[in-house]
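Here is the structure we will look at.
The values are calculated or read from the model by the stated rules, or taken from the named source; none is laboratory data. Source: prediction; values computed, not measured. Glycine gets a Cβ as well: all are built from the backbone with ideal geometry, and neighbour counts include every protein chain shown. Just the protein is used for accessible areas: all its heavy atoms, side chains included, with ligands, DNA and RNA removed. Shrake-Rupley method; radii C 1.70, N 1.55, O 1.52, S 1.80 Å.
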Amino acid sequence: MQKGLTRLYKNRHGFGCRRIILVVLAAPCLKWIETTFNSSDEVHFLYNFDDCNDPVEFYNRVNGIASNPNITKVIHITQVCGSTHDIHHFNVVEDYNISGKKRSQIISDLAKLIQNFQKNFDDGRIPVNNNDFLIGIKCGGSTSLSQDKLNPFMGAVVDKMIDMGFRLMFNEPQETIGLLDEVAKRTTESDFHKWEYFIRDIEQKNKKYVNKGNIEGGLQTIIEKSLGSFKKTGTKNFRVYTIDEKVDSDSQLNFILGTNQEPKAFFQMIEKGTIANIFITGQDIYFGTRFSPTLTLGLTKEDGLNEFDYSLTNTFTKNDIDEFIMKIINILSGEKTISEQYMITS
């Protein structure tokens, strides 16, 4: 398999696999705009559903998402009441205050803004190197079968993709609890201590990371879950980053110390720059995010019906590895994921 097969857009913040216009609604009462507007896979809304008087957390999230390479333009919709904060990426932001305007005019104006932005998109995708972008990887709905079948397959895929020059990111540090020796072997001493401090803090809080679905799927303890989950990371060395650290552009395999809970885990990776994400599931869980396509990997069902982007049988071969990597490349290059086709978003 050759390098440079992926074709991406050259967007404002880097190479993206989608061209997304982000519409930011500054207050909970503006939700009606999203409900009324006929959105598409190129237009996504993010609204402040909590506090419009002190929206610091909301705008931190907006700024993180607005920096993702898939975002081409931000339309910031405000009104006379409530507080707003600056969106740092001013070169992609269009402010629009709706105060004194009728609802019909607001929708008409928004449609025109979007249409004008889309007219200015240049034509197409260009071939890029595999290290020019970042892909996120996360599992959910883990079972003993997915730990034994899907995760080793994903680990083999990860090793092959690293050899091909790809840059990858994991975000579920809670599922490395108890793996001191395994982590120590594959990272630097300073990164290990960073990870260890984070894990000890989690353990002191005594949170439970084996849920009902895991138990029903045959996983009883966090060590079982951790050992199975870690298989999908492959065998290569990796870097560790706190949630506030910037990921080095030359770092290929990356772990961020965020959360293992969806959808927050995906949003944390998107804010770090992932332009697409791989979701590995042992159950019938279909997941998607608005700002970067989510490719779902699952096991072939007994009835032969599959709703995953890629379904694996009980065993895998080198051909399966190459085929799955080609599927990833095709989705990066424009093929729609199942979650995009059915508008499954969080």
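Do you know which residues across segment 316-334 are in a helix (DSSP H, G or I) and farther than 17 Å from residue 17 by Cβ? Please lay out each step first, then the result.
Residues of segment 316-334 that are in a helix (DSSP H, G or I), as a first pass: 318-332.
Across segment 316-334, the qualifying residues are 318, 319, 320, 321, 322, 323.
Among the numbered criteria (1) open to solvent by 20 Å² or more (accessible area, probe 1.4 Å); (2) in contact with a Lys or Arg (Cβ under 8 Å, 6 or more places away or on another chain), which single criterion is violated by residue 21?
Failing condition for residue 21: (1).
Within segment 20-49, can you find the residues that are assigned to a strand (DSSP E or B) and either of a type in the set (Asp, Glu) or under 23 Å from residue 99 (Cβ atoms) (or both)? Can you show your working first?
First pass over segment 20-49, keeping only residues assigned to a strand (DSSP E or B): 20-25, 40, 43-47.
Across segment 20-49, the qualifying residues are 21, 22, 23, 24, 25, 43, 45, 46, 47.
What about residue 114, is it of a type outside the set (Asp, Glu), out of contact with any His (no Cβ under 6 Å at 6 or more places or on another chain) and either modelled with pLDDT of 95 or more or in a strand (DSSP E or B) (or both)?
Working: of a type outside the set (Asp, Glu): yes; out of contact with any His (no Cβ under 6 Å at 6 or more places or on another chain): yes; either modelled with pLDDT of 95 or more or in a strand (DSSP E or B) (or both): no.
So residue 114 does not fit the description; no.
Return yes or no: is residue 132 farther than 29 Å from residue 230 by Cβ and either small (Gly, Ala, Ser) or open to solvent by 20 Å² or more (accessible area, probe 1.4 Å) (or both)? Explain how you work it out, then say what you get.
Working: farther than 29 Å from residue 230 by Cβ: no; either small (Gly, Ala, Ser) or open to solvent by 20 Å² or more (accessible area, probe 1.4 Å) (or both): yes.
For residue 132, the condition - farther than 29 Å from residue 230 by Cβ and either small (Gly, Ala, Ser) or open to solvent by 20 Å² or more (accessible area, probe 1.4 Å) (or both) - is not met.
If I go through segment 148-202 residue by residue, how many of them are part of a strand (DSSP E or B) and more than 22 Å from the chain's Cα centre (by Cα)?
0
Which condition does residue 168 not pass, out of (1) closer than 14 Å to residue 253 by Cβ; (2) surrounded by fewer than 18 Cβ atoms within 10 Å (Cβ to Cβ), if it passes all the others?
Condition (2) is where residue 168 drops out.
Among 151, 116, 129, 120, which is within 25 Å of residue 267 (Cβ to Cβ) and polar (S, T, N, Q)? Quick ask: steps written out before the conclusion?
Values: 116 fails: within 25 Å of residue 267 (Cβ to Cβ); 129 fails: within 25 Å of residue 267 (Cβ to Cβ); 120 fails: within 25 Å of residue 267 (Cβ to Cβ).
Result: 151 is the single residue among 151, 116, 129, 120 that is within 25 Å of residue 267 (Cβ to Cβ) and polar (S, T, N, Q).
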